[in-house]
1. Return the only residue of B:Tyr203, B:Tyr213 being in a helix (DSSP H, G or I), among the aromatic types (Phe, Trp, Tyr) and either at pLDDT 50 or above or open to solvent by 70 Å² or more (accessible area, probe 1.4 Å) (or both).
2. Just to be sure before I move on: is B:Gly71 buried (at least 20 other Cβ atoms within 10 Å of the Cβ), free of Cβ contacts under 8 Å to residues at least 60 places away in the same chain and more than 27 Å from A:Phe39 (Cα to Cα) in the structure I sent?
3. Just checking, does segment B:76-96 include any residue being crowded, with 24+ Cβ neighbours inside 10 Å, assigned to a helix (DSSP H, G or I), of a type in the set (Ser, Thr, Tyr) and within 10 Å of chain A (Cβ to nearest Cβ)?
4. Name every residue in segment B:5-34 that is outside any helix (DSSP H, G or I) and facing chain A (nearest Cβ under 9 Å), in order of residue number.
5. Only residues that are within 14 Å of chain B (Cβ to nearest Cβ) and not hydroxyl-bearing (Ser, Thr, Tyr): list them for segment A:27-44, please.
6. Checking the condition assigned to a helix (DSSP H, G or I) and either free of Cβ contacts under 8 Å to residues at least 60 places away in the same chain or within 19 Å of B:Gly123 (Cβ to Cβ) (or both), which residue from B:Thr195, B:Thr163 passes?
7. For segment A:66-83, indicate whether the set of residues that are part of a helix (DSSP H, G or I), among the hydroxyl-bearing types (Ser, Thr, Tyr), open to solvent by less than 80 Å² (accessible area, probe 1.4 Å) and more than 9 Å from every other protein chain (Cβ to nearest Cβ) is non-empty.
8. Would you mind telling me which numbered condition in (1) in a helix (DSSP H, G or I); (2) crowded, with 24+ Cβ neighbours inside 10 Å; (3) not hydrophobic (A, V, I, L, M, F, W, C) B:Gly103 fails?
Amino acid sequence: MSRISDAISELHKLDMEADKPGWLQGIHPLPKLFVTVLFLVITVSFGKYELSGLLKLGIYLIVLFVLGDISVKLLLKRMKVVLALVCLMGIVNPFFDRREMLLLGGFAVTGGMLSAATLMLKGVYAVSASYLLIVTTSVEEICYALRRLHVPKLIVTVLMLVYRYIIVLLKETERMTEAYALRAPGQRGLDYKAWGTFAGQLLLRSMDRAQTVYDSMMLRGYDGEFYLRCKRAAGRGDYLYAAVWSAVLLFVRAGSAG
Amino acid sequence: MHMADALVSPAVAGTMYAVSAAAAAYSVKEIKLEDLDRKVPAMGVMGAFVFAAQMINFTIPGTGSSGHLCGGMLLSAVLGPCAGFLTMIAILAIQCLLFADGGLLALGCNVWNMAFYGCFVGGFLIWRMAAGRKMTKGRITAASVIGCIAGLQLGAFSVTIETLLSGITELPFAVFIGMMQPIHLAIGLVEGLITAAVLVFIYEARPEILYGYAQEDGGSSGRMSRKGTVTALFAAALVIGGVVSLFASGYPDGLEWSMEKVAGTTELFARGNVYQLAERLQGITAVLPDYAFKTSDSAAGTSFSGIVGGIVVLTACFFICVLIKKVKRSK
């Protein structure tokens, strides 16, 4: 499967997951966004040797993944990219920080090993938390939450439009790439002589599409405002969700600090 | 160059969110003066275009590897720096949410490292070198390559600083920067050439799409004004000098460290009339010795000296530019 079709299929899968019926999907996007950001802030606030405290924070992910019946298949795929980067940064730590921090059955664990492990765990937690958010909340709902947080209308509108047109343009790019590959068998990638014409044609077609989009938006009464709405208003359960998780996360953090 | 959440501390993430938000607020204010209704769909579709185009593998001749085009630079050349910057924010947010490319908490860092430098430094160069004067294929190519290299070098430098300030890696600064800058120099060159190829094609096929082309023989509406550019650069210098310098290391730098190892001290003393005279002169003129108030080691002193240093550099830069302009005119 090509990189482009891979991306298209991933987007479809995420959309389908977010549309699934479930209690986590039913929670209002604003508390979900708030709890996710709080979790991320607390995760990265742990010091480089505070592995034990960080491990306790994992209860948030375990509870939500298990009770929310969230598939981890897609998560593992996403994890690859981030873990590679995080490992690259952490792998040098054991060479520079050789202070012995603790003994595990006669094996001395150095500060560098501990900090590398903490860094990797932070990476896993951060990707998992973002995944939890996107797999239970649609992009429209996230945009709605962003508007409620007073993120400028222009930025949210552009975010919505980019998201809506990504699949259209990915499919168009895939068609063009396939057509090119069929005319240049055995060639990997795009030859330098075709750099300008290939991507330039795509850009020109995109600009024409933008004009068509603008015309159709005007015909439908576009007045500069995209009206985002949520399926329902935030209720008592949503506030309870935010309050309980905030208390748990802050309790874990405070407990580790003590 | 996307930073993951695990690579930033809350303080660094918060600071970078604040500076990126300031740049976004400036862009929203500036863009509202333009034809917004027409520009918004173009920003959406162009954002999706950059996203899709980054999936294309552009083969680099003779290497067997491939490169991608520079989104920030391209968007600035088509939509202008402010609209390009806002579109890049949307792209980075989607990349982080949907593809785990960069973290949610590190979004402020990524916006600054990629969108700000790509759009404002790249866009500024495009404007000065190509769109600001008569547009030619050579000018577009030069602007694209220089803009991409400059944007990526600054971005890579920021990544290094942000990671080190977050206390994530044990890598020494010199080693880290020595790894980051050369590789991004090569990437910048390739991305610049790919972006140039696309922009030159557009210039030949539909030049009116390029930002600033239509105003070539008219006024300068829609372009970033000189006042705006100077203000933006001044604000950036204040932020970097004033905020980032608070985190400046108290440890000796590479040169001082080497001197300490060799001579046992970080200060070398020379004897002789000339040296003594120079030392006295330096004592009189140095307002902020070792980047702090003469009588204070406080954070305020460090921060203040960062701001003063930024202002001095900007002033010197301004006068050098005026001098160069005058010399050019006299020729």
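The values are calculated or read from the model by the stated rules, or taken from the named source; none is laboratory data. Just so it is clear, the structure is predicted and the values come from calculations on it, not from any experiment. Quick reminder, even Gly has a Cβ in these numbers, built from the backbone with ideal geometry, and neighbours come from all protein chains shown. Please note that ligands, DNA and RNA were not included when accessible areas were found on the heavy atoms of the full protein model with its side chains. Shrake-Rupley method; radii C 1.70, N 1.55, O 1.52, S 1.80 Å.
1. B:Tyr203
2. yes
3. Yes, segment B:76-96 has at least one match.
4. Passing the criteria: B:Val8, B:Ser9, B:Lys32.
5. Scanning segment A:27-44 gives A:Pro29, A:Lys32, A:Leu33, A:Phe34, A:Val35, A:Val37, A:Leu38, A:Phe39, A:Leu40, A:Val41, A:Ile42, A:Val44.
6. B:Thr195 is the lone residue from the list that is assigned to a helix (DSSP H, G or I) and either free of Cβ contacts under 8 Å to residues at least 60 places away in the same chain or within 19 Å of B:Gly123 (Cβ to Cβ) (or both).
7. No, every residue in segment A:66-83 fails to be part of a helix (DSSP H, G or I), among the hydroxyl-bearing types (Ser, Thr, Tyr), open to solvent by less than 80 Å² (accessible area, probe 1.4 Å) and more than 9 Å from every other protein chain (Cβ to nearest Cβ).
8. Failing condition for B:Gly103: (1).
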